[in-house]
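*Asks:* My questions will all concern the structure given below.
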Amino acid sequence: MIARRGLMIGAATGLTGLSSMALAQPVDPANLLVTLMELEKGSWQYVKEKNIAGMQNYLADDALLIFGDGSRYAKAEFLKAMSDIRLDSLTIDPRAEIKILRPDVATLLYRVTYASAVKNAKAATLKVMSASTYVRRGSKWWSVLYQETPTP
């Protein structure tokens, strides 16, 4: 009985160690940069097309978006505001960078220029540095924090 209990405890400890090692596997930065940049470009397209369902499936439920004008939105607020946002043009600088904080957390850094307006207002062109943080939950990467800083 004692031997069997020891074997069970040893097996559980071994599985815990293996799953910890699986979580700690190094991430290939180049591949992750491509993956997250595809998600990021897709999110801009969701805004342009007013694709609320697409954005719903892109943003984590606890997502926060902070724009260069100081406005900030939780997921539900942004989804509601999307119907009033008009994205007229978009240019993403191809020199994006990635900062991997943990195997399941990464921040994408890139410059973007876009012309946008709310409702029927005249579009304003903005040049910003964007920082978009993603977390992997299960096998899916979710956007949890988007922040932009205006640049000259």
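The values are calculated or read from the model by the stated rules, or taken from the named source; none is laboratory data. It should be emphasised that the depicted structure is a prediction, and the values quoted were computed from it without experimental measurement. Here the Cβ is made from the backbone with ideal geometry for all residues, glycine too, and neighbour counts use every protein chain on show. Ligands, DNA and RNA are stripped out before the accessible areas are found, and what is left, the full protein with its side chains, is counted by its heavy atoms. Shrake-Rupley method; radii C 1.70, N 1.55, O 1.52, S 1.80 Å.
*Asks:* Filter the range 129-141 for residues that are under 21 Å from LYS50 (Cβ atoms) and touching a Lys or Arg at 6+ places or on another chain (Cβ under 9 Å) and give the result. Lay out the reasoning, then the answer.
*Replies:* So the first thing to find is which residues in the range 129-141 are under 21 Å from LYS50 (Cβ atoms), and the list is 130, 132.
Across the range 129-141, the qualifying residue is only SER130.
*Asks:* Shifting gears a bit: For the range 1-71, please list each of the helices (runs of 4 or more DSSP H) lying entirely inside it that holds at least 1 residues being among the acidic types (Asp, Glu) and either open to solvent by less than 100 Å² (accessible area, probe 1.4 Å) or at pLDDT 95 or above (or both).
*Replies:* 29-49
*Asks:* Now, a different point. Is it the case, given these coordinates, that LYS122 is of a type in the set (D, E, K, R) and over 14 Å from LEU39 (Cβ atoms)? Quick ask: steps written out before the conclusion?
*Replies:* On the way: of a type in the set (D, E, K, R): yes; over 14 Å from LEU39 (Cβ atoms): yes.
Against the criterion (of a type in the set (D, E, K, R) and over 14 Å from LEU39 (Cβ atoms)), LYS122 qualifies.
*Asks:* Now a separate question. So, in the range 75-84, how many residues would count as being in contact (Cβ under 8 Å) with a residue 12 or more places away in the chain and open to solvent by 30 Å² or more (accessible area, probe 1.4 Å)?
*Replies:* 2
*Asks:* Okay, moving on. Considering the range 37-69 alone, what residues qualify as being farther than 21 Å from VAL128 by Cβ, of a type in the set (Asp, Glu) and in contact (Cβ under 8 Å) with a residue 40 or more places away in the chain?
*Replies:* Residue satisfying the conditions is ASP62 alone.
*Asks:* Please go through the range 128-149 and pick out each residue that is charged (D, E, K, R) and either on the phi > 0 side of the Ramachandran plot or touching a strand residue (DSSP E or B) at 6+ places or on another chain (Cβ under 6 Å) (or both). Show your work before the answer.
*Replies:* Residues of the range 128-149 charged (D, E, K, R): 136-137, 140, 148.
Within the range 128-149, GLU148 is the sole residue that qualifies.
*Asks:* Let me ask something else about it. Which of (1) touching a residue at least 12 places away in the same chain (Cβ under 8 Å); (2) in a loop (DSSP other than H, G, I, E, B) does VAL135 not meet, given it meets every other one?
*Replies:* With (1) touching a residue at least 12 places away in the same chain (Cβ under 8 Å); (2) in a loop (DSSP other than H, G, I, E, B) applied to VAL135, the lone miss is (2).
*Asks:* Would you check which residues across the range 87-126 are buried (at least 16 other Cβ atoms within 10 Å of the Cβ) and part of a strand (DSSP E or B) and list them?
*Replies:* Kept after step one, since they are buried (at least 16 other Cβ atoms within 10 Å of the Cβ), are these residues of the range 87-126: 87, 92, 96, 98, 106-108, 110-112, 114, 116, 126.
Hits for the range 87-126 are LEU87, ILE92, ILE98, ALA106, THR107, LEU108, TYR110, ARG111, VAL112, TYR114, SER116, LEU126.
*Asks:* Still on this model: Quick one: which of GLU49, GLU38 is of a type in the set (D, E, K, R) and within 11 Å of the chain's Cα centre (by Cα)? Step through it out loud before you land on a result.
*Replies:* Numbers: GLU49 fails: within 11 Å of the chain's Cα centre (by Cα).
Exactly one of GLU49, GLU38 is of a type in the set (D, E, K, R) and within 11 Å of the chain's Cα centre (by Cα), namely GLU38.
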